[in-house]
Each structure stands twice: as C-alpha cells, then as structure tokens.
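One structure below.
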Amino acid sequence: MSIRAVIFDLDGVIVSTDEYHFHAWKMIADREGIPFDRTTNEALRGVSRMESLEIILRKATRAYSPGEKKELAEQKNNFYRESLNDLTPGEILPGVLDVLASLKARGIKVAIGSSSRNAKAILSKIGLDKSFDEIVDGTDISRSKPDPEVFSLGAERLGISPEECLVVEDAEAGIDAALAAGMRALGVGSAAQYPKSHYAYPDLEATPLDEILNREATTD
Ligand code: B16
Ligand code: MG
C-alpha cells in the first residue's frame with residue numbers, strides 16, 4: 001500500500017539529543033552512586049522520563065520515595081535543558097533535510113512522534129519547528145512507547161490510516177510501538193540491528209527512500 005505519511009521519532013533520528021540524555025542521567029546516577037552505563041542507557045531510548053528513572057533505580061541499593069523520584073527527574077531535566085542551549089541546526093543528523101525535502105516534493109505528509117516533553121523546544125533550536133505537518137510529543141500522550149499511542153495519534157491528526165504510515169525510529173521500543181499501531185517501520189541507528197524493523201539502515205543518509213516508497217506502493 002502506498003505510504004502517504006512518514007512519522008519521525010525525534011531523539012536519535014532527527015537530532016542526537018540521545019547523547020545529551022545519557023550525560024544528564026549519568027550525572028544523576030554518579031551522584032547517587034548508582035551504576036549506569038551505555039548498555040543500561042539503550043533501554044531508555046524512546047521511554048518516558050519517569051520510566052527511564054525507574055529503570056536506572058533498579059540498580060540502586062536503597063528505595064527512593066515518590067518525592068525523591070520527582071526531584072531526581074526534575075534535576076535530570078534541568079541538566080538536560082541546560083545542555084540543549086548548545087544545540088544548533090548543525091546537529092541535525094545526516095540525510096534528514098534531504099529526506100524531508102524529497103517527501104515534501106512527493107506530497108507525502110510528515111510528522112513527529114516523540115516521547116519527549118521537550119520536543120517543541122528542540123525543534124525550534126534546530127530550526128525545524130515549522131517543517132512538520134503535525135508534532136505529537138510527550139505532552140500529548142499518557143502511555144509511552146512501546147505503546148502505539150504517540151503514532152496512532154499522529155496518524156489520526158494527519159487524517160491518514162495507520163497502514164499508509166511509515167515510522168522512522170532509533171529505539172526498539174519505538175519500532176514495537178509502530179508495529180503495534182499497524183504501521184510500517186524503518187529502523188535507524190540503534191534500531192538498525194532490530195530484526196522486527198521492516199527496513200533498517202545506519203541513518204537516513206544511507207536510506208534509499210525512493211526505493212522503499214516505490215516498493216511499498218507495489219505491495220498490498
Ligand atoms: P524528556 P524520542 C525520548 O524521545 C528519548 O528517546 C528518551 O530517552 C527520553 O527519556 C524521552 O524522550 C523523554 O524525554 O525527558 O525530554 O521528556 O526518542 O521519543 O524522540
Ligand atoms: Mg528516539
């Protein structure tokens with residue numbers, strides 16, 4: 001079936017804010033004496049702020065009260081927001097601008113489907129706040145990936161059926177969310193190794209988008 005909309009994840013697909021998330025969580029974990037490395041960090045991709053904290057706290061040697069958790073999440077977000085001050089359009093990931101231009105030329109709608117509550121601030125920092133037909137983010141949803149809510153809502157707002165949507169994701173949880181929404185899924189970055197992705201490439205620059213769209217148009 002023809003693809004009429006592409007829904008992009010933000011962190012790790014459009015821009016590498018995933019690195020900033022890692023450093024902010026690392027700062028909190030080190031301070032609390034909780035082991036946290038890049039392997040644990042992989043499990044946080046696409047997952048909401050509070051759920052990310054819960055995953056990190058699994059390795060803590062004591063229990064944290066709801067108030068403490070709220071405070072840790074707030075501190076992490078403050079570190080993270082501070083690091084976003086350095087973000088510029090130069091950090092848009094390879095291939096993103098060409099892909100957006102070529103989708104626009106083909107009349108295909110584009111949307112953001114991100115778990116982040118900071119998505120709009122990030123998009124405006126990199127100059128892409130006007131580049132999408134719809135932006136669905138962590139402020140719009142109550143269940144984070146792998147729940148399909150963020151992508152289902154994106155398709156609904158665009159007025160396009162799920163099977164005509166292609167999701168671009170760097171997180172396994174995001175690919176699972178796309179599949180649960182009944183959409184096609186393209187994995188990039190970390191998700192390029194995930195066997196459930198319909199298509200998988202290292203980044204958007206290496207993705208033969210026209211070939212994918214043409215192939216989708218000729219299948220049922
Ligand atoms: P915030 P995405 C996700 O964004 C990140 O991958 C994930 O690491 C982060 O915890 C989540 O946003 C929430 O972010 O703390 O800014 O609300 O990949 O879905 O665009
Ligand atoms: Mg992501």
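Throughout, read-outs are computed from the coordinates displayed, never taken from laboratory work. Since this is a predicted model, take the numbers as computed values, not measurements. Reconstructed Cβ throughout: ideal geometry from the backbone, glycine too, with neighbour counts over all protein chains shown.
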Given the peptides 159-166, 109-116, 82-89, arrange them by the average over their residues of other C-beta atoms within 10 Å, most packed first.
109-116, 159-166, 82-89
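Counting pairs of alpha carbon atoms under 8 Å apart in space and at least six apart in sequence, what relative contact order in percent does region 18-86 give? Intermediate values should be presented prior to the final figure.
Working: 39 pairs, mean separation 30.2, N = 69.
It comes to 44 percent, rounded to a whole number.
Could you tell me which trypsin sites (Lys or Arg not before Pro) in region 117-217 are loop residues by DSSP with no more than 15 other beta carbons within 10 angstrom of their beta carbon?
Working: sites: Arg117, Lys120, Lys125, Lys130, Arg143, Arg157, Arg184, Lys196, Arg215; in loops: Arg117, Lys130, Arg143, Lys196.
Listed in order of number, the matching sites are Arg117, Lys130, Arg143, Lys196.
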Show me, bin by bin at 10 Å from 0, the whole-percent P(r) of the chain based on Cα pairs.
8, 35, 36, 16, 5, 1
May I ask you to list the lysines whose Cα is less than 23 Å away from that of Lys59, ignoring any residue fewer than eight positions away on the same chain?
Lys26, Lys69, Lys70, Lys76, Lys145
For Ile135, residues with placed amide H under 5 Å, excluding near neighbours
Ile112
Once a ≥ b ≥ c are taken as the square roots of the eigenvalues of the Cα gyration tensor of region 66-173, is the result rounded (a/c under 1.5), prolate (a/b larger than b/c) or oblate (a/b not larger than b/c)?
oblate
Determine the gain in length on full extension of the stretch Met50-Thr218; use 0.36 nm per residue of separation and subtract their C-alpha separation, reporting nm with one decimal.
56.3 nm
Fraction of the pair-distance distribution of region 18-86 above 19 Å, Cα-Cα pairs, percent
23 percent
